[in-house]
1. Among B:M153, B:T266, B:I294, whose Cα sits farthest toward the positive end of the charge dipole of the protein assembly as shown (+1 at Cβ of Lys/Arg, -1 at Cβ of Asp/Glu, about the Cα centre)?
2. Binning at 10 angstrom from zero up to the longest distance, how are the C-alpha pair distances of segment B:1-153 distributed in percent?
3. Rank-order A:402-414, A:378-390 by packing density, defined as the average count of other C-beta atoms within 10 Å over each peptide's residues, highest first.
4. State to the nearest 20 debye the size of the charge dipole of the protein assembly as shown about its Cα centre, where the only charges are +1 on K and R beta carbons and -1 on D and E beta carbons.
5. How large is log10 I(q)/I(0) at q = 0.13, 0.15, 0.16, 0.20 Å⁻¹ when the Debye formula is applied to the Cα atoms of segment A:175-312, each weighted equally and without solvent?
6. With equal scatterers on the alpha carbons only and no solvent term, can you work out the Debye log10 of I(q)/I(0) for segment A:93-149 at 0.28 1/Å?
7. For segment A:367-499, what ratio Rg/Rh do Cα atoms give with a Kirkwood hydrodynamic radius?
8. Excluding B:L141 itself, what net charge comes from residues whose Cβ is under 14 Å from its Cβ, given Lys and Arg +1 and Asp and Glu -1?
Amino acid sequence: MLAQVSEFVAPSIDWWALTPQMILIGAALVIMLVTSLSPVQIPGWVSTLITVSAAVAAGVVSWWLWNDVLDEGASSTVAGAFGVDGFALFFTILTMIAVVATALVGDAYVEREGMAAPEFHALLLTTATGAIVMAAANDLIVLFIGLESLSIGLYVLAAMQFRRKTAQEAAMKYFVLGAFASAFFLYGIALVYGSTGSTNLAEISSFFDSLGSRTADLELLLVGTALMLTGLAFKIAVAPFHFWAPDVYQGSPSPVTGYMASAAKAAGVAALLRIFFAALGPLAADWSTPIAVGSAITIIVGAVMAITQNDVKRMLAFSSVGHAGYILVGIQTATDDGTSSALFYMFTYSLMVLGSFAVISAMRGGANHDVDTYSGLAKRRPLLAFAFTIFLLGQAGVPFTSGFIAKFMVIRAAASDEVYWLAVLAMVASVITAFMYLRIIMTMWDRGADVADAEPISVPWTTGVVVATTAVATIVYGVVPQSLIEFARDAVPVLVAAG
Amino acid sequence: MLLAAGSSATLPILNALIIVPLLGAAIVAMLPKNSPGLHRQVGVLSSGVAGAMSVYLATQFETGVGGFQFESVQSWIPDLGISWHVGVDGISLWLVVLTGLVFPIVLAGIDPHGDEKSYTAWMLLLQSASFGAFVALDLFLFFVFFEIVLVPMYMLISGWGYAERKYAATKFFLYTMFGSAFMLVAMVTLVALSADDGGITFNLVELAERQALAVETARWLFLAFAFAFAIKVPVAPIHTWLPDAHTQAPTGGSVILAAVMLKLGTYGLLRFGLYLFPEASVFFAPLMVTLGVIGIIYGAIVATVQGDLKRLVAYSSVAHMGFIVLGSFALTSQAITGSVLQMVNHGVSTGALFILVGMIYDRRKTRAIDELSGLQKAVPVMAAVFTVSMLSSIGLPGLNGFAGEFLILIGSFETRRWWTVIAAVGVILAALYLLWAYQRVFHGEPTDADMETPEIKLNEMALLAPFLVAMVVMGVFPKPFLDRIEPSVDELISHVETHSDFERPEDVVIVPSEKADEGDDH
């Protein structure tokens, strides 16, 4: 035993590649330390500033790394446990955008709702670290660590308006079901380890190569795969594992909801792609059909349930379920094309949903977001209504918004893969969902609405910046999507074994 | 010729058509809200400039050439084989001109009754998108324009329409989007299956020339495209959005809907049905002409029993569009030429009728035929204008409706004899429902309320005058129109012949320079 320890050789670590994670964790620690040790009350904007700066710095570093990867190819570090490829950096950049947006929107929201600013921002940073660890993980254990750092922080963030019953309910539900999902996932890891002999994704992938003509006993591996799929389906809110989503989305503080629908969902998608597309690619024949069926169910449930809702946050929660289904349409193809279409979809959807929840955050804080409370918004706040209209049309997949290009790309991937039934079903369901988006738009633009005694809506500049930027991005990526398409194309995951 | 070639090289006029109204919309959106009249002036100016350019386009358009002119290609999304590819031929030319002229007239002449700023901006966006749809030669580009027109139209109906506007607007949007859903899947499938060593392309011309699909597949894809267009046309029995949308839309919206938007469907059938899927079009031609004839008869019968004048005109559209579908799939040169001409004719005559119905509503706050009577005594001039528009719609010789319907019927008779016989009954029915409605509204004993109906005003007359001029000019002298339409139609039919076992009847007159010539040649 001791002899073994003495033989331990520390793996070489490419610290530069880990810089984004370190910046985020460092900033979270700084916020917690400074605010708890400072003798005077630190104003909330300091935490916001630290968070935004850290996220921007991490984003810039990722961009640097991205260019390195483009030039020199993907690599791995920490004994092959940690991948440095376009995929990881794509999700890091996406997560950083979500963090910046959430921090900016949260700045005023936290103050208005009487939440604790330092905790909010510190948790945001730790969850973001978890998310980007998940995206970069080359090892199932590392991935699980990322998943848990993300999830545990989110449970607390969901509960931050703890005086409200709905928030408590949301957090409790999220926690119990989330823990359940993690258990599924962990059990899946154990079984996969049992059958392949490794938790390293690159080694799992090469396990299939070494199989050769040998027909191994793969049942254990398939059960493990199914369990991991279930665990991730919970996290991404794929039907029939979506039941937590509407309640949690409704009960959580609106900026946090936007963050869940973007960064947290993206992390789940990243994990799914890394494990299934990259490592378990040879098993595609086995997992592609279940994902296609899951995607169909998710799209239908999202569409049908969304139109029966009356609360805007619940509407968008079900719509978010539906959008996860569209992302799966890309994933189930198990091709590079489909994967990059899913990445494109995730990116553009994140921007739209961050913008949507920024608008919702500006509207009001309470739990009641009945669609009628948006009546005549165009008269009260024309620009806010206009931006929200762009987000909703984008999510409905109307041309000249990024949402259309995203839908187009996943449908194209499905059609190229000859999964026509799913392509048709997805498009028809988008018509159903459009009804729900139109309903919100119509309510906002109702010219006959009486807005005389409505309480005034104040849009802090931080929120305004987020709304404006995401709205412009939604249009720009809808008109000239080429750069983003290239970005997504270069971000297809690559597994590099320890060197 | 040199001028046309030169202008397409130096000035991409078709792009300018799309951009000018778009800029106008941006300017209108930035103007302060309380600047009365200014929004409308900017709107009329920018849509008018686009209109003038479209007329210029028609004058520079080279007759006797079937292919696309004024083509312009820009790389757009190279990764997906998508380019910004526009061009115009005889089939789309007059629709572009129609789009160019109807919008400024509507903006100048029809009062939206409130919030002029947004109304004008949406109208300009709609014009820009309509231009785009008619000139797009890239499947993706066409689709985005085809789909985006829904948004401004939806806003116009839901914002400025009548009591049931929200229901009608939503129905309109969802119906069309439902059709588009199938079209999008068919489109990407077509592109994926047509991919060759040169990669994928959404270029319409290239895809139409490649014809790389298996017969069975092409038929399925044709059905998906045709379904989307049939909803837009609309073809009975999927027309039910139209009466609601038309009736609830503001007058300006109804005019645009009838004049421009419905044409996207029939235009699409020609451009993306016949041209892209020649074999499948021939295969499904019996189905399509049957649907067309059903539309003619059904639209006419339902129009007859309407109690609401606007609904009546809306159902008359169903009948008229049935003629166009019949002509398009009769696959003879005359029939398709007649269809293309009839697309413009229908826009002119139905547009005028919607304006007149709008005027009656503005004056009387009712469109119920029962509540109106003897208006001729109170408003003789309006009655006269109504008569001309109505006769044009019925297809009276000497007015534009005749030229189109006659060509459709004579052309269809060659290949679809019995269908044409039934369709001809539709012409009689059209006379029946319109004349009967006219009789009930304008003849008879006026009540006091009827007698107090104000006469048509000078500016209203100015709004209607262009429509009346078009009716007479196109009815008396359709040659300049036919000269430009015919070669493209001919080329389209040759394309169909090349890629299917269809052969056009021998004795068809290839260039009917004048209608009067028909008799001589036979």
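1. Value: B:M153.
2. 12, 39, 32, 14, 3, 0
3. So the peptides A:402-414, A:378-390, ranked by packing, come out A:402-414, A:378-390.
4. For this selection, approximately 2840 debye.
5. These q points yield log10 I(q)/I(0) values of -0.61, -0.78, -0.86, -1.21.
6. Log10 of I(q)/I(0), two decimals: -1.02.
7. 1.09
8. Around B:L141, the surrounding residues sum to -3.
All of the numbers you see were taken from the coordinates with simple rules; none came from a lab. Quantities reported herein were computed from a predicted structural model and do not represent experimental measurements. Every residue, glycine among them, receives a Cβ derived from its backbone with ideal geometry; neighbour counts consider all protein chains shown.
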